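Below is one structure, written out as structure tokens; comments come after it.
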Amino acid sequence: MKTGRAGRLIVGNWKMNGTRAALAEIRAMAARDDLWVAPPFTLIHAALEAGGGRVRIGGQDSHVRDFGAHTGCVSAAMLADLGASFVIVGHSERRSDQRESDAEVRAKAHAGQAAELDVILCVGETLEQRDAGRAEAVVADQLMGSLPDDPAGLIIAYEPVWAIGTGRTPTVADVGAMHAHIRARLVAQFGDAGAALPILYGGSVNPGNAAALLAVPEVGGALVGGASLTAAGLIAIAEAVPD
Ligand code: 13P
């Protein structure tokens, strides 16, 4: 798995943004060789070309099966066939918009691994759950329900739902506490391998707050939405990684 400065992963999730004009941003991101971007499916093939092998390109989701009668869906095997190298599963927008369950997310993680993609598995609590003091319990439940059997190529992303697209972030203390909590679960599940899995933070990461968030112990990188839509934004975040 190719990581950036100090072993941190900086991953852009473009969500439902980007037409061919946005390929210029991928070209500009290729000034570095350590950025990861998940554009919409429609741009993956062209983004692989635009990145010239220097930007790792992945999918924002994929189906649990390799092929079949599933109109509108894309499989992990199809992403791998294009040359994509990772897939995001269990993003909170899919858990809410498409009502994806932990069991489905887990099956997607297995399918991604079977296609030899790195799998970024997202978890995170809502504001209501945090305010009720249940954030750690909710994240542990999501994690234990969605983790694949094997840790191969697995990356966890902690994305508090209330921090996504809102400009609000948890305190660095809260991020550190949650990442330590996730780490303990990963070690309990996978032993030494669980100690080595990257745990990304996501939710309103921008060039101004990246250095502080990326300095938190157990934060292995960032999963970035809005600020990843421009090369300038994602590169500035990557440059903020502390040594
Ligand atoms: P924002 O960075 O826009 O808050 O989005 C975070 C996210 O959901 C990345 O997957």
Problem set entry | Highest-fluctuation residue, Asp61, Asp174, Asp102 considered, GNM on the chain with Cα pairs under 10 Å | Asp174
For this session: Mind checking the full-extension length gain between Ala232 and Met144? Use 0.36 nm per residue of separation minus the Cα-Cα distance, one decimal, nm.
Result: 28.0 nm
For this session: Please list the non-local residues whose amide H lies under 5 Å from the amide H of Ala222, H modeled 1.01 Å from N, same-chain partners needing a gap of 5 or more.
Result: Leu9, Ile10, Val11, Tyr201
For this session: Mind running the shape call on segment 95-243? Use the C-alpha gyration tensor, a ≥ b ≥ c as the square roots of the eigenvalues: rounded below 1.5 for a/c, prolate if a/b tops b/c, oblate otherwise.
Result: rounded
Problem set entry | Positive-end residue, segment 99-243 charge dipole about Cα centroid, Cβ charges, pick of Gly145, Leu186, Gly202 | Gly202
Exercise. Which of rounded, prolate, oblate describes segment 1-66, given a ≥ b ≥ c as roots of the alpha-carbon gyration tensor eigenvalues and a/c under 1.5 marking rounded, otherwise prolate only if a/b is larger than b/c?
Worked result: oblate
For this session: Calculate the dipole size of segment 98-243 relative to its Cα centre from +1 charges on Lys and Arg beta carbons and -1 charges on Asp and Glu beta carbons; express the result in debye to the nearest 20.
Result: 240
Exercise. Where does the chain land at 222 nm, in deg cm²/dmol rounded to the nearest 500, when only DSSP H runs of n ≥ 4 count, each adding -39500 (n - 2.57), divided by all residues?
Worked result: -11500 deg cm²/dmol
Problem set entry | Where a label projected 7 Å from the Cα of Ala28 along Cα→Cβ would reach, residues of segment 1-22 with amide N under 14 Å | 21-22
For this session: Might you report the magnitude of the Cβ-based charge dipole of segment 20-72 about its Cα centre, with Lys and Arg at +1 and Asp and Glu at -1, to the nearest 20 debye?
Result: 80
Problem set entry | Linear extension gain, Thr19 paired with Asp81, 0.36 nm per residue minus alpha-carbon span | 20.1 nm
For this session: Have a look at Ile57, Ala215, Ala132 and report the one farthest towards the positive end of the charge dipole of the chain, computed about the Cα centre with Cβ charges (Lys/Arg +1, Asp/Glu -1).
Result: Ile57
Problem set entry | Estimated distance in nm for a label pair at Asp243 and Cys73, the labels positioned 7 Å out from Cα along Cα-to-Cβ | 4.8
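Read-outs: derived from the displayed coordinates by stated rules, not from any lab. As the structure is a computational prediction, the values presented were derived from the model and not from experiment. With ideal geometry, Cβ positions are generated from the backbone for all residues, glycine too; neighbour counts draw on all protein chains shown.
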